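Asks: Input: one structure, supplied below.
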Amino acid sequence: MISKNQLKRVKRLENKKYRSEAGLFVAEGPKVVGDLCEVMTPQTIISTPDFPPSRLPSAAGCEHIEVSAEELRQFSFLQHPQQVIGIFRQPVITDAEREAALSSARTRHVLALDGIQDPGNLGTIIRIADWFGIRTIVCSPDTTDLWNPKVVQATMGSIAHVSVLYEPLPSWLMTLRADTPIYGTLLDGDNIYATPLSDHGVIVMGNEGNGISVPVRRLVNSRLLIPCFSDEAHHAESLNVAIATAIVCSEMRRSRGMKI
């Protein structure tokens, strides 16, 4: 039988302020929880009896709470709960790790997200980055919280494979070498399918409604356009930012012969 305190402890993790204070986050489903358990030890696992015991972490100090399917629904942030919920401690990034990640644009591609607000978009972009071998994402401080349960869920486990940092983008971009490519998708950009692309640099993706902010836009030195090919008078005005990110990342890989 679950207690009110156990339920309250988990449900409060929907709130960013409490997540930050507790240093915890929630992951749900066998795929997401399983991938995270490969790289970090959960504080608590909440699962139904039909969740395979072999998939439960055996690390000391991990609390396991077995609940019925109905009880799991009370804990879950999903419309359709998936057997298991994991509560994990938010990783602490050392200064050395942060510096290495922020300077990696000298040798490989780094994504920069400028004011992404939708949790589903952020989670999907993390998943896209993982697919295309991009290991670092730098977010502006006003980008939605990485540990939002909707973000974690949308990554489908890729949150375990990609380093996500929060930094003021203009000040970070100005620390890069002058010859570092800083790509941004803009309406006055050059056709991405006809533009030479580098095997390293920063790929900036902007806010869902307003695009790339003016201070960041001023630092973009390679402006790209994803052209619209529709010949209809009334066509889509824009692309979803996650879809646009996938197109840009795909073209970066294709144009460089899949070099990572």
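Asks: Considering every residue within the range 45-56, establish whether at least one is over 18 Å from the mean Cα position of the chain (by Cα) and under 30 Å from T136 (Cβ atoms).
Replies: yes
Asks: Can G209 be described as farther than 24 Å from T107 by Cα and of a type in the set (G, A, S)?
Replies: So G209 fits the description; yes.
Asks: Looking at V138 and the list (1) touching an Asp or Glu at 6+ places or on another chain (Cβ under 9 Å); (2) at pLDDT 95 or above; (3) open to solvent by 30 Å² or more (accessible area, probe 1.4 Å), which single condition is not satisfied?
Replies: Going through (1) touching an Asp or Glu at 6+ places or on another chain (Cβ under 9 Å); (2) at pLDDT 95 or above; (3) open to solvent by 30 Å² or more (accessible area, probe 1.4 Å) one by one, V138 breaks only (3).
Asks: Hey, does the range 155-162 have a residue that's modelled with pLDDT of 95 or more and touching a Leu at 6+ places or on another chain (Cβ under 7 Å)?
Replies: no
Asks: Of all residues being modelled with pLDDT of 75 or more, surrounded by fewer than 17 Cβ atoms within 10 Å (Cβ to Cβ) and among the small types (G, A, S) in the range 220-243, which is farthest from the chain's Cα centre (by Cα)? Just the residue, please.
Replies: Among those residues, the one meeting the criterion is S230.
Asks: Mind listing just one residue for me: the one in the range 118-150 that is among the acidic types (D, E) and touching a residue at least 40 places away in the same chain (Cβ under 8 Å) and, of those, nearest to S250 (Cα to Cα)? Explain how you work it out, then say what you get.
Replies: Step one: list which residues in the range 118-150 are among the acidic types (D, E), which gives 118, 130, 142, 145.
Okay, now just the ones that are also touching a residue at least 40 places away in the same chain (Cβ under 8 Å), so 118, 145.
Details: D118: 22, D145: 26 Å.
Out of the qualifying residues, it is D118.
Asks: Would it be correct to say that D130 is open to solvent by 60 Å² or more (accessible area, probe 1.4 Å), farther than 23 Å from S171 by Cα and acidic (D, E)?
Replies: Working: open to solvent by 60 Å² or more (accessible area, probe 1.4 Å): no; farther than 23 Å from S171 by Cα: yes; acidic (D, E): yes.
No; evaluated as a whole, the condition is false for this residue.
Asks: Hey, can you tell me all the residues within the range 194-219 that are surrounded by 13 or more Cβ atoms within 10 Å (Cβ to Cβ) and farther than 20 Å from A129 by Cα?
Replies: Across the range 194-219, the qualifying residues are T195, S213, P215, V216, R217, L219.
Asks: Can you name the condition, by its number, that M258 falls short on among (1) within 29 Å of V151 (Cβ to Cβ); (2) crowded, with 16+ Cβ neighbours inside 10 Å; (3) modelled with pLDDT under 95?
Replies: (2)
The values are calculated or read from the model by the stated rules, or taken from the named source; none is laboratory data. Just so it is clear, the structure is predicted and the values come from calculations on it, not from any experiment. Don't worry about glycine lacking a Cβ; one is built from the backbone with ideal geometry, like all the others, and counts go over all protein chains shown. These area figures cover heavy atoms from the full protein model, side chains too; ligands, DNA and RNA do not enter into them. Shrake-Rupley method; radii C 1.70, N 1.55, O 1.52, S 1.80 Å.
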